[in-house]
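Taking it in order: structure first as structure tokens, then the write-up.
Please treat every number below as a calculation from the coordinates, not as lab data. Please read these numbers as outputs of a predicted model, since none were measured by experiment. When we count neighbours, we look across all protein chains shown, and the Cβ atoms used for this are built from the backbone with ideal geometry, even at glycine.
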Amino acid sequence: MKQYLALCQRIVDEGVWVENERTGKRCLTVINADLNYDVANNQFPLITTRKSFWKAAIAEMLGYIRGYDNAADFRALGTKTWDMNANDNAAWLANPHRKGEDDMGRVYGVQGRSWQKPDGSTIDQLRKIIDNLSKGIDDRGEILTFYNPGEFDMGCLRPCMHTHTFSLVGDTLHLTSYQRSCDVPLGLNFNQIQVFALLALVAQITGHKPGQAYHKIVNAHIYEDQLELMRDVQLKREPFPSPQLKINPEIKSLEDLETWVTMDDFEVVGYQHHGPIKYPFSV
Ligand SMILES: Nc1nc(=O)c2c([nH]1)NC[C@@H]1CN(c3ccc(C(=O)N[C@@H](CCC(=O)O)C(=O)O)cc3)CN21
Ligand SMILES: O=c1ccn([C@H]2C[C@H](O)[C@@H](COP(=O)(O)O)O2)c(=O)[nH]1
């Protein structure tokens, strides 16, 4: 929580205004931020200076794991976060690749689970990683990447948190996650949860101890219409101690994650927080 607030304060103090053409808004921006999460000691990095809808963030991650490409499937899991990008984004609505209502195109999980090869066959990056880690193998390329420039025009948004690298050291699994662009008031609240939960889940289903998660962000920004709420409300609040994330121990395989797991299999213990803050969202 302290590192999150320190990044917010750094943007407020040192950020530079940058025009963003896609959204038509200015963003107060800093470059390069490194956040670390202690998954080994279950220090769940949940924002406490406002109420966080953490289940929606885990639902989003589960949808990526399942390779979803449709906002309706994300809604069924428990998050509406893809509705706007799928259905309320002029550039995507005019894109001939869009297959209709709720289609997100070839984004995130589609690339992770069925990356298209030139010969028409597909690569399941996540399956390979889970199989290797389950056998105790780290080939120094246990990389899940959603970043496929050849198919950017086939999706509603380029992936923001685009690459996850797993590292096995003895019986401890670590994760390094890379993010090119970060909406700190809204997106980072979710992305922190996702990095933590991804390591905890993959460690659990491959039979290893979770270690540290390293979250590397390039462009970290606050949109102009979010600044006042961040500076004058959220940053004035005192944080509470970190809660813990409990995951159903019956989740034992990638198939479990793909089939029966729901948000009821996740619980947060000891979450003390301030009231909600509704930040504007930019499509
Ligand atoms: N501008 C922008 N920021 C993002 O963070 C973002 C995108 N676009 N597009 C793709 C995904 C969608 N994500 C989102 C979308 C919405 C919320 C959001 O509205 N969060 C609210 C309420 C969530 C709820 O009620 O479930 C929040 O207060 O956290 C968060 C992340 C993250 N990504
Ligand atoms: O997981 C996510 C997904 C998206 N975001 C934010 C970062 C930016 O504010 C927008 C994406 O805009 P681009 O013009 O494609 O950079 O969404 C996030 O923080 N986390």
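Scoring His97 on the criteria (1) of a type outside the set (Asp, Glu); (2) within 12 Å of ligand 1 (Cβ to nearest atom); (3) surrounded by fewer than 16 Cβ atoms within 10 Å (Cβ to Cβ) leaves a single failure, condition (2).
In segment 127-146, which residues are surrounded by 14 or more Cβ atoms within 10 Å (Cβ to Cβ), farther than 11 Å from Thr165 by Cα and not basic (Lys, Arg)?
Matches in segment 127-146: Ile130, Asn132, Leu133, Ser134, Phe146.
Look at segment 258-283: where a residue is without any contact (Cβ under 8 Å) to a residue 12 or more places away in the chain, no partner that is more than 16 Å from ligand 2 (Cβ to nearest atom) and among the basic types (Lys, Arg) sits 6+ places away or on another chain with Cβ atoms under 9 Å. Given the condition part of a helix (DSSP H, G or I), within 21 Å of the chain's Cα centre (by Cα), within 13 Å of ligand 1 (Cβ to nearest atom) and closer than 20 Å to Gln204 by Cα, answer yes or no: does some residue in segment 116-128 qualify? The answer is no; no qualifying residue exists.
If you check every pair at least six apart or on different chains, which have Cβ atoms under 9 Å apart with a residue in segment 103-119 that is without any contact (Cβ under 8 Å) to a residue 40 or more places away in the chain and under 12 Å from Leu157 (Cβ atoms) first and a residue that is among the polar types (S, T, N, Q) and crowded, with 18+ Cβ neighbours inside 10 Å second? Listed by first residue and then by second, the contacts come to nothing, as the list is empty.
Kindly indicate which of Leu199, Leu188 is near ligand 1 (Cβ under 10 Å from one of its atoms), in contact (Cβ under 8 Å) with a residue 60 or more places away in the chain, hydrophobic (A, V, I, L, M, F, W, C) and within 20 Å of Ile47 (Cα to Cα).
Details: Leu199 fails: near ligand 1 (Cβ under 10 Å from one of its atoms).
One residue alone meets the criteria, Leu188.
Out of Tyr4, Tyr37, Tyr64, Tyr68, which single residue is surrounded by 19 or more Cβ atoms within 10 Å (Cβ to Cβ), free of Cβ contacts under 8 Å to residues at least 60 places away in the same chain and of a type outside the set (A, V, I, L, M, F, W, C)?
Working: Tyr4 fails: free of Cβ contacts under 8 Å to residues at least 60 places away in the same chain; Tyr37 fails: free of Cβ contacts under 8 Å to residues at least 60 places away in the same chain; Tyr64 fails: free of Cβ contacts under 8 Å to residues at least 60 places away in the same chain.
None of the other options fit; the residue is Tyr68.
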